[in-house]
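Scroll down for the structure; my scribbles are underneath it.
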Amino acid sequence: MTGTPIANDIRRLRTERGEMTQQALADACGVTRQTIIALEAGRYAPSLELAFRIARTFGVGVEEVFRWETQ
Amino acid sequence: MTGHPGRTIGRYGVMLVAGAALWLLMAGPRTVLGFDPGPLGMVLLVASAWGALYLVQFSARDEGEHAISPGEWRARIGFAFMLGAVAYFVAKLDLFAGPGAVDSADARAVARNLVMLGIAWAVLGQAMASRWKGRIQEDERDREIARQAGHWGHGVLVIGLIGLAVTLGFSPAHRLQWASHFLLANLLVLVLMLGWLCEYAATAVYYWRDRR
């Protein structure tokens with residue numbers, strides 16, 4: 001479950017949307033808060049469906065939230 | 001989970017009760033007290049599991065402590081519960097050996113206690129589910145962890161069964177005097193329990209690694 005090459009800007013997007021809480025994002029996406037914590041820390045790569053759910057919650061495209069990070 | 005003195009005392013209290021419960025379960029009929037404290041130990045073990053659940057509830061409410069997910073709590077308490085059951089079973093395994101074991105009252109008492117532990121665990125599982133009622137208890141990450149942990153449990157189950165099969169299949173008959181059908185049935189149950197124990201342990205470790 002560790003060391004995913006998929007980076008994300010979830011924390012920044014939450015901050016830009018008026019300090020949206022991790023719990024609020026988790027509820028909007030239908031996941032636990034611990035999953036949002038793991039995503040933000042880069043310890044978990046989401047499924048395509050969850051990636052789309054998160055992007056839709058922020059009202060942006062998937063590629064604006066997630067990116068492939070080469071070493 | 002740190003800071004509040006009441007909760008710290010409660011935590012040590014639960015550990016103390018759980019330790020006493022395990023001792024009473026292990027002591028069994030050979031107790032110095034002159035009676036079988038097994039049922040009392042089982043009641044105390046269930047009570048300590050309830051106590052742990054109560055502490056989880058309060059720590060989550062008071063501290064805003066949500067770093068630990070429902071799935072991880074279930075794995076932790078499940079591991080402790082199954083570890084107690086396996087230790088109890090292993091400590092009493094000699095009661096299931098021998099020609100008269102099927103009719104032994106002591107062996108029946110151990111089997112009854114194990115069944116009661118299983119029922120108590122099922123009830124506790126329902127109580128834990130209701131504690132997080134209204135919240136999302138499981139998502140794709142939990143299912144992925146469960147899938148990976150399931151491989152460990154399955155591996156232990158397969159190794160145990162192969163070990164038993166090889167022992168029975170390749171040992172000369174005179175060295176299998178101990179292998180009564182009753183003992184073999186109980187060994188199969190033990191292998192199953194070890195598989196569950198390993199699965200709970202792996203689940204807890206995967207969650208812990210995810211939080212580091």
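Laid out as a table, the results:
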{"read-out": "Between helix B:181-211 and chain B: long-axis angle, C-alpha atoms, 0 to 90°, nearest 10", "value": "20"}
{"read-out": "Ratio of Rg to Rh over chain B (Cα coordinates, Kirkwood Rh, two decimals)", "value": "1.02"}
{"read-out": "For the protein assembly as shown, the Rg and Dmax computed from alpha carbons only, in angstrom", "value": "23.5, 77"}
{"read-out": "Compactness of region A:6-58 as Cα Rg over 2.2 N^0.38 Å, two decimals", "value": "0.98"}
{"read-out": "Three-way shape label, region B:126-199, alpha-carbon gyration tensor, a/c 1.5", "value": "oblate"}
{"read-out": "Rounded to 10°, Cα long-axis angle of helix B:140-170 versus longest principal axis of chain B", "value": "10"}
{"read-out": "³J(HN,Hα), Karplus 6.51/-1.76/1.60, whole Hz, each residue of region A:25-33, x for Gly, Pro", "value": "5, 4, 4, 5, 9, x, 10, 7, 4"}
{"read-out": "Per-residue mean of C-beta atoms belonging to partner chains within 10 Å, peptide A:41-50", "value": "3"}
{"read-out": "R0 of 30 Å, Cβ-Cβ distance B:Phe35-B:Ala97: FRET efficiency to nearest 0.05", "value": "0.80"}
{"read-out": "FRET efficiency estimate (nearest 0.05) - Cβ-Cβ, A:Ile6 to B:His181, R0 45 angstrom", "value": "0.25"}
{"read-out": "Highest to lowest packing among B:148-154, A:24-30, B:8-14, scored as the average C-beta count within 10 Å", "value": "A:24-30, B:148-154, B:8-14"}
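The numbers here are math on the coordinates, done by the rules we state, and not lab data. Please read all numbers here as calculations on a predicted model, not as lab measurements. Methodologically, a virtual Cβ is constructed for each residue, glycine included, from the backbone with ideal geometry; neighbour enumeration extends over all protein chains shown.
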